[in-house]
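Engineer: Let me begin by handing over the structure; questions about it come next.
The values are calculated or read from the model by the stated rules, or taken from the named source; none is laboratory data. Values in this document were obtained by computation on a predicted structure and should not be read as measured data. As a convention, Cβ positions derive from the backbone with ideal geometry for all residues, glycine included, and neighbour counts pool all protein chains shown.
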Amino acid sequence: MPYTIEVWDRIGGELELHLATVYPLPMAIAAFEAACLERPTNKVTLRDRARIVRKQEATPRSNGEALAAARRSKVRVSRSILPSLLTTIWA
């Protein structure tokens, strides 16, 4: 079964972006973790149909700690990692 990675808005909790549909699970987890690094203040979910496999809760934008922590993170992800990751999956 394919897994979906979704980004939710910070205000109303509505779906903002369907980022990817990925299979197998290890690739979906890698894409989810990259999405969490790219959007540290948004809620991000990794789902298998209705079941939530992993979730990052949204943090308030006014709280700069999440952004500062993401900047200090030892793991760096470029903005182009998701397209290249997805290209690798379907190649």
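Engineer: Leu15 - would you say it is surrounded by 15 or more Cβ atoms within 10 Å (Cβ to Cβ) and within 13 Å of the chain's Cα centre (by Cα)?
Structural biologist: Here the answer is no, as Leu15 does not meet what is asked.
Here is a yes/no grid of residues against (1) of a type outside the set (Lys, Arg); (2) surrounded by fewer than 16 Cβ atoms within 10 Å (Cβ to Cβ); (3) at pLDDT below 60:
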{"position": "Leu19", "(1), (2), (3)": "yes, no, no"}
{"position": "Met27", "(1), (2), (3)": "yes, no, no"}
{"position": "Arg47", "(1), (2), (3)": "no, no, no"}
{"position": "Arg51", "(1), (2), (3)": "no, yes, no"}
{"position": "Ala58", "(1), (2), (3)": "yes, no, no"}
{"position": "Glu65", "(1), (2), (3)": "yes, yes, yes"}
{"position": "Arg76", "(1), (2), (3)": "no, yes, yes"}
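Engineer: If you go through region 37-53, how many residues are in a strand (DSSP E or B), closer than 15 Å to Met1 by Cβ and among the charged types (D, E, K, R)?
Structural biologist: Total meeting the criteria: 3.
Engineer: Considering only region 35-52, how many residues are over 15 Å from Trp8 (Cα atoms) and touching a residue at least 24 places away in the same chain (Cβ under 8 Å)?
Structural biologist: Final tally of qualifying residues: 2.
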